[in-house]
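J.: Below you'll find the structure I mean.
Any read-out appearing in this document is the output of simple, stated calculations on the displayed coordinates, not a laboratory observation. None of these values were measured; they are calculated from a predicted model. Virtual Cβ from ideal backbone geometry, glycine too; neighbours counted across all protein chains shown.
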């Protein structure tokens, strides 16, 4: 019974090497050869990447760098020859760092770095001047003066409210006189905001509305009710009678001021009429 050598597969050849993968098959299409794998990408030459230099800084040219290197080397050689050993050692051991800095950043006093140095120097001067500058003294704002017209209007309204809410301490006739003063003065005060008035008339209006009427009402309301109606003065009148007389005088003064203000408006209107007649009325000769 014979044994066939070379059969039995991988079990009888444990150390047999595996076969290399077969190359990609070629496919014929229309009589031409075509590969099943894509061709390799063509070689592209790339420039070496350099780190971006800060804006405003630029290294020296190769010629300038060569001159700087030669000058530095000559410097430490001269230092040794002159016996200045410490200077020569310092220049010798720091030349690597100095050359690298100059090659990358450039000379601080040359080229574009000159502007950067000048800007930094100006910034230091500005900061130093701000530190030594005395603190600014804030001037307090001047408060705006109150409007006399608004003050007079508020005082007039307050006097009317106090008279109407006196709870019967002022009789109906006196309260009506206070309202009459308000009806006469309020439109005149409103005109002072928009139209020019005589200074004396303006002062009288503001004083009458802001001082005279409020004082008249307050002086009466401070008295007890029975005393204001029963007490007799040397002239034989009561405080209630005095209040009524004062209010009548205030009403008369308001009417006089009203006539003064309106008469000036009437005079202005008449002047405008005469101007228009002189300018636009035609004479018989024009006809």
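J.: Counting other beta carbons within 10 Å of each residue's own, what order do 227, 220 fall into, fewest first?
T.: Values: 227 10, 220 22.
Ascending Cβ contact count within 10 Å gives the list 227, 220.
J.: Over region 148-268, what is the mean sequence separation of C-alpha contacts under 8 Å (at least six apart), divided by residue count, expressed as relative contact order in percent?
T.: Working: 104 pairs, mean separation 43.0, N = 121.
Over region 148-268, the number comes to 35 percent.
J.: Could you line up 86, 72 from fewest to most neighbouring Cβ atoms inside 10 Å? Before the final figure, lay out each step's value.
T.: On the way: 86 8, 72 17.
Fewest to most other Cβ atoms nearby, the residues stand as 86, 72.
J.: Bins of 5 Å, beginning at zero and ending with the bin holding the largest distance: percent of Cα pairs per bin for region 211-283, please.
T.: Over region 211-283, the share of Cα pairs per 5 Å bin runs 3, 13, 15, 13, 11, 7, 7, 6, 6, 5, 5, 4, 3, 2, 1 percent.
J.: What translational diffusion coefficient, to the nearest whole µm²/s, does region 148-268 have by Stokes-Einstein, given a Kirkwood radius computed over alpha-carbon pairs, a temperature of 10 °C and 1.306 mPa s viscosity?
T.: The Stokes-Einstein estimate is 106 µm²/s.
J.: Expressed in nm to one decimal, what extension gain is obtained for the pair residue 238 and residue 98 from 0.36 nm per residue of sequence separation less their Cα-Cα distance?
T.: Extending this stretch completely gives an extra 39.4 nm.
J.: What list do you get for 130, 230 if you sort them by fewest beta carbons within 10 Å?
T.: 130, 230
J.: Give me the extension gain from residue 221 to residue 251: residue separation times 0.36 nm, minus the current Cα-Cα distance, reported in nm with one decimal. Please list the in-between numbers first.
T.: Values: separation 30, 0.36 × 30 = 10.80 nm, distance 1.93 nm.
Contour length minus Cα-Cα distance gives 8.9 nm.
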